[in-house]
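Trainee: Sending over a structure as structure tokens; questions will come in a sec.
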Amino acid sequence: TSVKMLRRSLEEKGYKVGLVRESAEIVPDMFKTGSSKGNIWMTLKTAQKLYKEINNVRDIVLVDRGIVDSLAWNYLYAKRGEFSEEKSKCVENFFEAIGVKTDFIVALTIPTEESIRRRGGEGHVVNRKFIEEFNREIIGNFLKSVEIDKVLLNTESKTPAEVHDWLLGAIEESYAKFKENSASKEEE
């Protein structure tokens, strides 16, 4: 996947890189795919992995759909009325309380039709209606409200190599800003 290639490229450049993989593939059968309970399970699993990674000596920790993904799903579940905004805020507060935060968001986007084509058709959870809702609510609304540096890239006409190179550049640029800001704070 893109994230594994990114990790390898960053390590070849001398960065100490951690990786937290998406938990969706390992959700226990007792939780319905796409359910708010399944999302809570994935959130806790992600928090556990992230907590471990940030307490190792790392320059960069790549997170394949982690904190922001969990918060985005919580936002969506709250919008749908599947649980309260208060409950959604609790998850955000949990990450804050344990010191797990996101410094930079990269969102790769594609139009609905291309998403369906790349997936080989519509699925049980990820179908046209869901993709349109996700793009409207998450890309259109939620990400705008998140006060974290972010970049979006429409990958529709990009090759995997172009996406990789763009991601690598965006991550290195963000890391350089992070180091510069950290150095400025230490001088104060």
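The values are calculated or read from the model by the stated rules, or taken from the named source; none is laboratory data. Model, not experiment: these values are computed from the prediction. Using ideal geometry, Cβ is built from the backbone for each residue, glycine included, and neighbour counts are taken over all protein chains shown.
Trainee: Of all helices (runs of 4 or more DSSP H) completely enclosed by region 87-188, which ones contain at least 1 residues that are closer than 16 Å to residue 70 by Cα and at pLDDT below 85?
Mentor: Where helices (runs of 4 or more DSSP H) fall fully within region 87-188 and carry at least 1 residues being closer than 16 Å to residue 70 by Cα and at pLDDT below 85, they are 128-134.
Trainee: Restricting to region 1-44, count the residues that are closer than 20 Å to residue 100 by Cα, among the hydroxyl-bearing types (Ser, Thr, Tyr) and part of a helix (DSSP H, G or I).
Mentor: 1
Trainee: Mind checking which residues of region 93-117 are exposed (fewer than 14 other Cβ atoms within 10 Å of the Cβ) and over 23 Å from residue 156 (Cβ atoms)?
Mentor: Result: 93, 96, 97, 98, 99, 101, 103.
Trainee: Still on this structure, please answer the following. Any residue at all in region 66-81 that's more than 30 Å from residue 165 (Cβ to Cβ), without any contact (Cβ under 8 Å) to a residue 12 or more places away in the chain and of a type in the set (A, V, I, L, M)?
Mentor: Yes, region 66-81 contains at least one residue that is more than 30 Å from residue 165 (Cβ to Cβ), without any contact (Cβ under 8 Å) to a residue 12 or more places away in the chain and of a type in the set (A, V, I, L, M).
Trainee: Also, quick follow-up: Any residue at all in region 82-92 that is buried (at least 16 other Cβ atoms within 10 Å of the Cβ) and touching a Gly at 6+ places or on another chain (Cβ under 6 Å)?
Mentor: no
Trainee: Have a look at 72, 78 and point out the one that is among the hydrophobic types (A, V, I, L, M, F, W, C), in a helix (DSSP H, G or I) and more than 16 Å from the chain's Cα centre (by Cα).
Mentor: One residue alone meets the criteria, 78.
Trainee: Taking region 36-68 on its own, how many of its residues are surrounded by fewer than 16 Cβ atoms within 10 Å (Cβ to Cβ) and of a type in the set (S, T, N, Q)?
Mentor: Residues flagged as surrounded by fewer than 16 Cβ atoms within 10 Å (Cβ to Cβ) and of a type in the set (S, T, N, Q) within region 36-68 amount to 3.
Trainee: For region 49-69, how many residues meet the condition of being assigned to a helix (DSSP H, G or I) and more than 14 Å from the chain's Cα centre (by Cα)?
Mentor: Summing the residues that are assigned to a helix (DSSP H, G or I) and more than 14 Å from the chain's Cα centre (by Cα) in region 49-69 gives 4.
Trainee: Consider residue 102 against the criteria (1) under 27 Å from residue 56 (Cβ atoms); (2) in contact (Cβ under 8 Å) with a residue 60 or more places away in the chain; (3) β-branched (Val, Ile, Thr): it satisfies all of them except one. Which criterion is unmet?
Mentor: (2)
Trainee: So, of the residues in region 154-171 that are surrounded by 10 or more Cβ atoms within 10 Å (Cβ to Cβ) and without any contact (Cβ under 8 Å) to a residue 24 or more places away in the chain, which turns out to be farthest from residue 62 (Cα to Cα)?
Mentor: Top of the filtered list is 158.
Trainee: Right, something else. Of the conditions (1) loosely packed, with under 13 Cβ neighbours inside 10 Å; (2) out of contact with any Leu (no Cβ under 9 Å at 6 or more places or on another chain); (3) on the phi < 0 side of the Ramachandran plot, residue 14 clears all except one; give me its number.
Mentor: Exception for residue 14: condition (3).
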